[in-house]
Amino acid sequence: MRLESFRHRRAVPAIGACVMTALLALSGCATKPTDATGLAEYNQTNDPLEPTNRFFYRVSDTLDAYTLRPVAQGYVWAVPLPARTGIHNALANFATPVVFFNDVFETRPRRAGDTFMRFLINSTVGVAGVLDVAKGWGYPAHEADGGMTLASWGVPQGPYLFLPVLGPSSPRAVTGFGIDIALSPLTYVPRGYGLLTLNWALYGIGAIDARAQVLGDLDQLKKNALDPYATIRSLYRQHRSAEIQAMHDDHRMTVPDWYSH
């Protein structure tokens with residue numbers, strides 16, 4: 001399950017959520033255990049704000065149940081899969097400049113070159129990104145964001161956070177979220193010619209698309225997990241660790257193999 005998709009990376013309330021977390025943390029920190037077993041589990045989960053995080057999880061889950069989830073269900077019901085795939089591809093194409101800049105800052109020139117080629121090919125041959133032509137031409141997509149860039153610089157992840165709207169996160173990921181906003185060309189669109197409206201429309205459609213991507217998986221998780229909060233925390237960390245490890249292990253240096261049989 002792609003929990004990362006469920007974290008709407010350009011959600012506007014991020015700053016307010018962080019402030020609320022900081023304020024509640026003053027009274028919501030979990031007590032650090034003194035026994036060896038409890039201390040080991042405490043260090044492994046790295047969730048000192050667990051009472052506050054669980055509160056925000058319950059709030060977010062309730063809001064989702066009455067807002068975003070029904071909208072995403074209606075979207076899946078009303079829009080055929082090929083059209084949803086095209087919308088998802090186009091949204092990913094809009095986000096490609098952020099991926100490119102993070103590839104550069106992660107000192108991965110070949111990944112950056114592939115990202116540039118993806119944007120060029122999909123924006124033209126792929127009809128503004130609706131079709132992922134670049135993947136078939138030897139330029140598959142990969143993840144790169146501000147949190148991964150900070151990880152490549154040696155910045156520690158920090159304790160687990162669950163933020164309203166953004167969902168599972170960490171201090172490093174929240175800081176990276178701010179970096180991504182600063183790197184996105186959409187942040188600087190002028191107000192004229194309807195571009196600002198387009199920007200907000202992309203935010204809204206992106207939130208619905210991201211929620212639709214995990215509809216079935218998230219429902220199954222909540223149905224089957226004894227503690228959905230702890231399961232989401234574990235899956236999020238595993239997913240982030242896998243993305244960061246894939247970045248470190250990616251030493252691509254050659255052009256795509258177009259001519260082999």
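The values are calculated or read from the model by the stated rules, or taken from the named source; none is laboratory data. Values in this document were obtained by computation on a predicted structure and should not be read as measured data. All Cβ positions, glycine included, derive from the backbone under ideal geometry; neighbour counts span all protein chains shown.
The table below lists the values:
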quantity	calculated
Subset of the stretch 62-100 (residues that are over 30 Å from residue 117 (Cα atoms) and either in contact with a Pro (Cβ under 6 Å, 6 or more places away or on another chain) or touching a residue at least 60 places away in the same chain (Cβ under 8 Å) (or both))	63, 64, 68, 69, 71, 72, 73, 75, 76
Criterion (within 18 Å of residue 185 (Cβ to Cβ), in a loop (DSSP other than H, G, I, E, B) and touching a residue at least 40 places away in the same chain (Cβ under 8 Å)) met by exactly one of 129, 138	129
Condition check for residue 216: surrounded by fewer than 18 Cβ atoms within 10 Å (Cβ to Cβ), assigned to a helix (DSSP H, G or I) and either modelled with pLDDT of 95 or more or out of contact with any Leu (no Cβ under 6 Å at 6 or more places or on another chain) (or both)	yes
Only listed residue being in contact with a His (Cβ under 7 Å, 6 or more places away or on another chain) and outside any strand (DSSP E or B), chosen from 155, 104, 165	165
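So that you can scan it fast, the table gives a plain yes or no per residue for (1) under 29 Å from residue 171 (Cα atoms); (2) crowded, with 23+ Cβ neighbours inside 10 Å; (3) over 18 Å from the mean Cα position of the chain (by Cα):
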{"residue": "106", "(1), (2), (3)": "yes, no, no"}
{"residue": "117", "(1), (2), (3)": "no, no, yes"}
{"residue": "120", "(1), (2), (3)": "no, no, yes"}
{"residue": "123", "(1), (2), (3)": "no, no, yes"}
{"residue": "128", "(1), (2), (3)": "no, no, yes"}
{"residue": "146", "(1), (2), (3)": "yes, yes, no"}
